[in-house]
Amino acid sequence: MSVTIEIAVSCTWYQKRLCWMMSSILQQKGNIPNIIFNVAYPQHNGNPTTEDVCKLFISNGLNVKETVYKNEIEMQKRGLVRNNQLKESSAKWILFSDSDMVYDPFFFEDLQNQLESTDLKNETRCISARRISLSKEYSKDYFNKIDQNIYPCIIENVAEFVSKWPIFKISNSCGAGYFQLANVWNIKKNHNGLYVNPHDCADVPEFEKFHKTKSDKQFRRMLGGTVTIKTKSQYHLNHERDNEEGCKHLTFQR
């Protein structure tokens, strides 16, 4: 029997990279687990909108769950968004990720095999893994100057394509929250079904100052720390950042 893994992301202004991520999930091979893709987003945001991206991938067979907010203000604190995604999850495992990741075609077959192993089957800590962060300048130049795709679209052989891009660094840190895999049953039984206590969420709102998602650290601490596993490659499609651009909140398509 296949394991159910729910991938939970948020998307504002990252719809192009989201298409690449969802393409890589659609292109998984082997003994694939039951994958649910949960994307939280504000209505009518981006070009294309997240609604249109979801519609395309649903029509191509991806199991997409939409967690919809009225506007960006409502979802400034990512920890609270993840509370809502957890509340609705019936999966065995939930993978909190970013909306700019691309996975090797056998990533989830390999992950499922590891989760069914004796070592991880009953793991209650936060499971972490490294990522390959692609060159900032190359990634920005590609999406801003080279990319001729008309979005929303499916990117063919996406993992093979990005595997040839120059690399910025390979990181073992999960500080950015790009890969936080956790046992849903444990969270609901022992931690009130929460990613973070809503009265103690340390996230810094996007429109007040430079955005900081400190709830990720709170989540890992709540689960008793992390355990790191080796996975198939996962690629980070690098991008412009608020602090590097000298503004509080970037509002252009990435």
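General observations
- Spin-label model distance (nm) - Asn197 vs Lys212, 7 Å beyond Cα toward Cβ: 2.0
- Sequentially through region 183-199, phi angles give Karplus couplings (6.51, -1.76, 1.60; θ = phi - 60°) of 7, 5, 4, 4, 5, 6, 7, 10, 9, 6, x, 10, 7, 8, 4, x, 8 Hz, Gly and Pro residues having no value and appearing as x.
- Solvent-accessible area per residue, Å², over region 37-115 with all protein chains present [probe radius 1.4 Å]: 39
- Assuming charge only on the beta carbon of Lys and Arg (+1) and of Asp and Glu (-1), the dipole of region 1-118 about its Cα centre is about 220 debye to the nearest 20.
- Each Cα pair under 8 Å and six or more residues apart adds its separation to the average, and for the chain the resulting relative contact order is 29 percent.
- Ordering of 111-122, 94-105 by burial proxy (mean other Cβ atoms within 10 Å per residue, highest first): 94-105, 111-122
- Multiplying the residue separation of Met1 and Asn172 by 0.36 nm and removing their Cα-Cα distance gives an extension gain of 58.5 nm.
- Coarse-grained scattering of region 78-164 at q = 0.13, 0.15, 0.22 Å⁻¹, given as base-10 log I(q)/I(0) from a Debye sum over alpha-carbon atoms: -0.66, -0.84, -1.25
- With a simple spin-label model that places each label point 7 Å from the Cα along the Cα-to-Cβ direction, the separation between Asp119 and Lys29 comes to 2.5 nm.
- Each peptide in 79-85, 151-157, 1-7 receives the mean, over its residues, of other Cβ atoms within 10 Å, and ordering these scores from highest gives 79-85, 1-7, 151-157.
- Percentage, to the nearest whole number, of Cα pairs in region 1-65 over 17 Å apart: 37
- In summary, the chain shows an alpha-carbon radius of gyration equal to 0.95 times the 2.2 N^0.38 Å reference for compact globular proteins.
- Cα-Cα over 28 Å, subset of Lys29/Lys70; Lys65/Lys232; Lys188/Lys214: Lys29/Lys70
- Note on region 15-118: Kirkwood hydrodynamic radius from all Cα pairs is 14.7 Å, rounded to one decimal.
- Estimated FRET transfer efficiency when R0 is 25 angstrom, pair Ile146-Lys232 (beta carbons, to 0.05): 0.40
- Highest mean packing first, where packing is the average number of other Cβ atoms within 10 Å per residue, the peptides 18-31, 137-150 line up as 18-31, 137-150.
- Dipole magnitude (debye, nearest 20) for region 121-184, charges at Cβ of Lys, Arg, Asp, Glu: 320
- Candidate lysines for bridging to Lys189, where Cα separation is under 18 Å - those fewer than 8 sequence places away on the same chain excluded: Lys87, Lys92, Lys121
The values are calculated or read from the model by the stated rules, or taken from the named source; none is laboratory data. Predicted model only: the values in this text are computed from it and were never measured. Every residue, glycine as well, gets a Cβ built from its backbone with ideal geometry; the counts of neighbours run over all protein chains shown. Heads up: the accessible areas ignore ligands, DNA and RNA and are worked out on the full protein's heavy atoms, side chains in. Shrake-Rupley method; radii C 1.70, N 1.55, O 1.52, S 1.80 Å.
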